[in-house]
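J.: Mind looking over this structure? Questions follow.
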Amino acid sequence: MVQLAVVEGVLERITYANEDSGYTVARVDTGRGGGDLLTVVGSLLGAQPGESLRMEGRWGSHPQYGRQFTVENYTTLLPATIQGIRRYLGSGLIKGVGPRIADRIVSHFGTDTLDVIEEEPARLIEVPGLGPKRTKSIGAAWEEQKAIKEVMVFLQGVGVSTSIAVRIYKQYGDASISVVREEPYRLAADVWGIGFLTADRIAQSVGIPHDSPERVKAGLRHALSQSTDQGHCFLPEEQLIADAVKLLQVDTGLVIDCLAELAEDGPDGAGVVRETVPGPDGGEPVTAVYLVPFHRAELSLAAQLARLLKAPDDRLAAFRDVQWDKALTWLAGRTGAELAPEQQEAVRLALTSKVAVLTGGPGCGKSFTVRSVVELARAKKAKVVLAAPTGRAAKRLSELTGADASTVHRLLELKPGGDAAYDRDRPLDADLVVVDEASMLDLLLANKLVKAVPPGAHLLLVGDVDQLPSVGAGEVLRDLLAPGSPVPAVRLTRIFRQAQQSGVVTNAHRINSGVQPITQGMADFFLFVEEDTEEAGRLTVDVAARRVPARFGLDPRRDIQVLAPMHRGPAGAGTLNGLLQQAITPARPDLPERRFGGRVFRVGDKVTQIRNNYEKGENGVFNGTVGVVTALDDVEQRLTVRTDEDEEVGYDFDELDELAHAYAVTIHRSQGSEYPAVVIPVTTGAWMMLQRNLLYTAVTRAKKLVVLVGSRRALGQAVRTVSAGRRCTALDFRLTEGGVYL
């Protein structure tokens, strides 16, 4: 066996780190002098710049980067010299200690510094400029760093990333190692960022058998959870069993037995619910298997809608006997325009029916109809509450109506854990609740919203049912519009003359009808043809960062949004974000930045939140919230984002995996938002994702300008391909005569 070489040195900087695998490329000062740094590669999970490392590994050579050392394992050595201690403390390792504070501490305590912090942290108050509060926080940060190190050393063998190790520690504290060793599948449920596959890898490394019932049950729950990520509220039993067998590589009989046990645990335990419901499009009945929260939400939403529809009270009773001719004449005088007949029908419906749906494509007057409903309701002194699923959509609704509008999350004051401050026992103070962009409402959020509408109040849901369904599970708007639904609805179809002159509106309707868009002779709709996917990606960046800003005077960060069909690939959102960041917010010596995993965050970056976090901001920060990085503090190890709701939100550096760059986003993530201009790569590289409702949704995000970049063949595929199949939901069944409540 070849003996491993040993290298000791100070970790100067990390040039690349993959958060998933722990693979790291770093530069180390081995003390050879002359300023030469050694390149080391390998798993340096948890190592921080400024730390002294003892590394075991092998010497090698890279054709481009020359001599380098491949690390097999390493240990951290506390530095012994004053210079080493100063560098170590000033590296940002301890929250609240930057180079200046480190200098003061080391000047005061010299080589005893680390012993003082370890054994007598209260003595830090002796250092000039360090008060009791800062002293206490430095001591606490040191202790946490030590504890996290222990967890990281334990997890290193199973390839868990630094940020995940930190999260495990924050979740379980001193119990971290025992939970990981004895109940590894708990991690998938308790810790964001750990899915079943990571938990399964950990479980195998700590000796849990491949055919353990605990593993199979965790796998079944994972398969159901994955299906909800794809929009399904349940899976047919046969499909779930097949998916689990494929995932777990165990006998079908074992999966069937474990599923039966989960069903016995039922709604009161960590089980599942089995129920017979009609198959897709009313076909043969299937045995549906639900995760408990989704079954409860579907039953509850149907029941709450029935409660609203049948409520004996009417908070807008004044509109029962109104003389509509007079009311509409007064309204035309107020707004300066008359309503078309189908718009009049929608206004009457919203003000006389307890629950109503208004749908229709761009240019058909949905916005003006909503404004008219709100004007008439306010004329009767009604309390009108306006909401939308995203900050941008809420802002647009507010501008349209001249009244305050908020996100649904903020309206309900959702709390940590997802509970709402407003519900059936404490309803909203409202006579009319109007929710725009309702195609984005998933089952869980729609249930919370409808619960909070008081009996007798009216609920108007407004949205375009032909757009992509919600990111979360369910197809609420489509289910409310299903044949036989008791919820009355109006679909606006007439395109107004002013809108007919817009290439964006014209082509959105053409795409929705399965007709190729017109890409020549339009002032606001263009196609740049590029057959090669990689070249199309580069051209997309050039168009968004340079050509459109130069031609139309638009700001590339604020006014232009790149919308990609998928995240992966040369023209996917992931690659485009890196290229767009280089073009729009390049590195500068005076520009603060922070590397996290494979990404670099800079002041000025456009970013988006990628998970619901109820702990952040005034009322939580939610998946899809967009903002700009406004500050980056290396000492406090915090980054600040100003969101599109004008709220300053702070992120500790170990929370940066909650953020992604948003110069380019997937079309799914753009729902509910509107931008002056959108640039859409349409390439054969995204072949499986090219569907009509995807392209239609992307085009309808633009207020003024659409630029497509890519191949005519890919564009043809997108226009021709109707979305494959409905999601597995049973809300439409529960709302009709066959359901439980109506």
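J.: Among residues belonging to the stretch 320-365 that are without any contact (Cβ under 8 Å) to a residue 24 or more places away in the chain and closer than 27 Å to Gln467 by Cα, point out the one that is nearest to the chain's Cα centre (by Cα).
T.: Gln344
J.: Which one is farthest from the chain's Cα centre (by Cα) among residues in the stretch 192-204 that are open to solvent by less than 70 Å² (accessible area, probe 1.4 Å) and under 17 Å from Phe154 (Cα atoms)?
T.: So, considering only residues that are open to solvent by less than 70 Å² (accessible area, probe 1.4 Å) and under 17 Å from Phe154 (Cα atoms), the one farthest from the chain's Cα centre (by Cα) is Ala203.
J.: With of a type outside the set (Asp, Glu) and either assigned to a helix (DSSP H, G or I) or on the phi > 0 side of the Ramachandran plot (or both) as the only criterion, which of Ala631, Ala698 stands out?
T.: Ala698
J.: Of the residues Leu339, Leu248, which is of a type outside the set (Val, Ile, Thr) and either open to solvent by less than 10 Å² (accessible area, probe 1.4 Å) or modelled with pLDDT of 95 or more (or both)?
T.: None of the other options fit; the residue is Leu248.
J.: Examine the stretch 98-120 for a residue that is outside any helix (DSSP H, G or I) and within 39 Å of the chain's Cα centre (by Cα), and state whether such a residue exists.
T.: Yes, there is a match, as at least one residue in the stretch 98-120 is outside any helix (DSSP H, G or I) and within 39 Å of the chain's Cα centre (by Cα).
J.: Here is a follow-up. I'd like the full set of residues that are open to solvent by 30 Å² or more (accessible area, probe 1.4 Å), closer than 19 Å to Pro483 by Cβ and either in a helix (DSSP H, G or I) or at pLDDT 90 or above (or both), limited to the stretch 268-327.
T.: Pro280, Asp281, Gly282, Pro285, Leu309
J.: What's the total number of residues in the stretch 34-81 that are of a type in the set (A, V, I, L, M) and open to solvent by 70 Å² or more (accessible area, probe 1.4 Å)?
T.: Count: 2.
J.: Something else about it: Identify, please: which residue in the stretch 89-106 is in contact with a Pro (Cβ under 9 Å, 6 or more places away or on another chain) and free of Cβ contacts under 8 Å to residues at least 60 places away in the same chain and is, among those, surrounded by the fewest Cβ atoms within 10 Å (Cβ to Cβ)?
T.: For the stretch 89-106, the residue satisfying everything is Arg104.
J.: Which of (1) closer than 12 Å to Phe733 by Cβ; (2) in contact with a strand residue (DSSP E or B) (Cβ under 7 Å, 6 or more places away or on another chain); (3) not hydroxyl-bearing (Ser, Thr, Tyr) is the odd one out, the single condition Glu298 does not satisfy?
T.: Checking Glu298 against (1) closer than 12 Å to Phe733 by Cβ; (2) in contact with a strand residue (DSSP E or B) (Cβ under 7 Å, 6 or more places away or on another chain); (3) not hydroxyl-bearing (Ser, Thr, Tyr), the one that fails is (2).
J.: Only one of these is over 29 Å from Arg611 (Cα atoms), in contact with a strand residue (DSSP E or B) (Cβ under 9 Å, 6 or more places away or on another chain) and not hydroxyl-bearing (Ser, Thr, Tyr): Asp429, Asp466, Asp436. Name it.
T.: None of the other options fit; the residue is Asp429.
J.: Having 1 or more residues that are within 27 Å of Thr575 (Cα to Cα), modelled with pLDDT under 95 and of a type in the set (Phe, Trp, Tyr) is the bar; report the helices (runs of 4 or more DSSP H) wholly within the stretch 433-544 that clear it.
T.: none
J.: Identify the single condition in (1) closer than 20 Å to Ala473 by Cα; (2) open to solvent by less than 80 Å² (accessible area, probe 1.4 Å); (3) part of a loop (DSSP other than H, G, I, E, B); (4) not basic (Lys, Arg) that Ile208 does not satisfy, given that it satisfies every other one.
T.: (1)
J.: Among the listed residues Ala698, Ala686, Ala718, which satisfies the condition of being open to solvent by less than 10 Å² (accessible area, probe 1.4 Å), out of contact with any Ser or Thr (no Cβ under 9 Å at 6 or more places or on another chain) and closer than 19 Å to Phe528 by Cα?
T.: Ala718
J.: Identify, by number, the condition in (1) under 29 Å from Asp419 (Cβ atoms); (2) open to solvent by 70 Å² or more (accessible area, probe 1.4 Å) that Leu262 doesn't meet.
T.: Failing condition for Leu262: (2).
J.: Scan the stretch 164-182 for residues that are modelled with pLDDT of 80 or more and either among the hydrophobic types (A, V, I, L, M, F, W, C) or surrounded by 15 or more Cβ atoms within 10 Å (Cβ to Cβ) (or both) and jot them down.
T.: Ile168, Gln171, Tyr172, Ala175, Ser176, Ile177, Val179, Val180, Arg181
The values are calculated or read from the model by the stated rules, or taken from the named source; none is laboratory data. Quick caveat: nothing in here was measured; it's all calculated off a predicted structure. Cβ atoms come from the backbone with ideal geometry, glycine included; neighbour counts cover every protein chain shown. With ligands, DNA and RNA removed, areas are computed over all heavy atoms of the protein, side chains included. Shrake-Rupley method; radii C 1.70, N 1.55, O 1.52, S 1.80 Å.
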